[in-house]
Every structure is written in structure tokens, then in C-alpha cells.
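The values are calculated or read from the model by the stated rules, or taken from the named source; none is laboratory data. Everything numeric in this text was worked out from a predicted model, so none of it was measured. Every residue, glycine as well, gets a Cβ built from its backbone with ideal geometry; the counts of neighbours run over all protein chains shown.
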């Protein structure tokens, strides 16, 4: 990555850390308030009925529960990144997608290192390495890489997929749930993953 790209990526990560610290908890169970249903999703529906959500850059679409709370964080200065989040009504499961693109090409293993950094930084109960345990890592037919992981301290688990599009856009798509609610959300989150296009 060019020095400018590293600087913007570092700034993005520092901003996200500051946001999580300001919220009082680095765990993904505290959700920001959503003010509106995303314009790219169909009208909300009750229960577990799935509606289509299309990412703003049209990199992908997924089917998400119509009654899950939507929010988005984004880089309002340079428009290098945005983070779409869906939170279950009881707060025990999430679907998230982050896209980062500052125009710098990802090379070699840099995307894999970035995915691991994000897991440790944003999904760890401590915000540091050591808490997240990856139980499987596999390449997918579509070229993305799948990481199955657990936060030992946070008592939640997730599946993350990451890939690079157009050489400069880093995408990471994650589903997660609290371990005590894993059975309740397993099928629903599998359906969301299967719907990814």
C-alpha cells in the first residue's frame, strides 16, 4: 500500500476505535441508533421475513430480516469507507458489511492482514489480539476468503468473508451472534450468508 493509503486506513481504524471506546464497550453488542430504513432495502417486514438490501456501491446484495435495525457509519471527509450494520431486535445477533477504498491497490497478503486486524480491533472483547480465535479459514468459489471465529471473552462467534474488488476496494461481510443465542440464530444467519450475491 502507498503511504497515503496506509495513513487513511490507519485514520479509519483509529476513528472506529474511538467510536467504540466512546460507546463504552468494544464489543459488537452495543449498536448505534438507526434513524431510517436504508433506501436500498425493501419496506421493513415483521418477524424473520427477509428483505433485499443492496450495498450503496452495488458490490453485493443480501437478504436481511425486515425488522432488524439498520445503521451506517461512514467516512464523511474523504468517502473512503462505509460500514452497514443490521442488529436483531433483541440485540443478540448482527449482520455487518464494511467497504474501504482509497484508490490504492491491495497486493499480496495485505487483504488477509487487514481482515485479521479488523477482527482483533473491532470484534475482540478486548480490542486486541488474543481474544479472537479462528477455527477455520477457507477460500470460497467466488474468490472470497471465509473466517469462522469466536471471541472467547465476549462470548460471541461469527463468520466473516473478505475479498478485494476492482483491485482497490476491500470488502468484509460478517454475521455474528452471542453464543447463548447461537442455536436461535444459526439458520437465519446461514440464510443471510446464502443470499449473498
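Data table
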{"quantity": "Qualifying residue in the stretch 53-71 (condition: part of a loop (DSSP other than H, G, I, E, B) and at pLDDT below 50)", "calculated": "no"}
{"quantity": "Tabulated pairs, the stretch 148-162, first in contact (Cβ under 8 Å) with a residue 24 or more places away in the chain and at positive phi, second in a strand (DSSP E or B) and crowded, with 21+ Cβ neighbours inside 10 Å, C-beta under 9 angstrom, 6+ apart or interchain", "calculated": "155/178"}
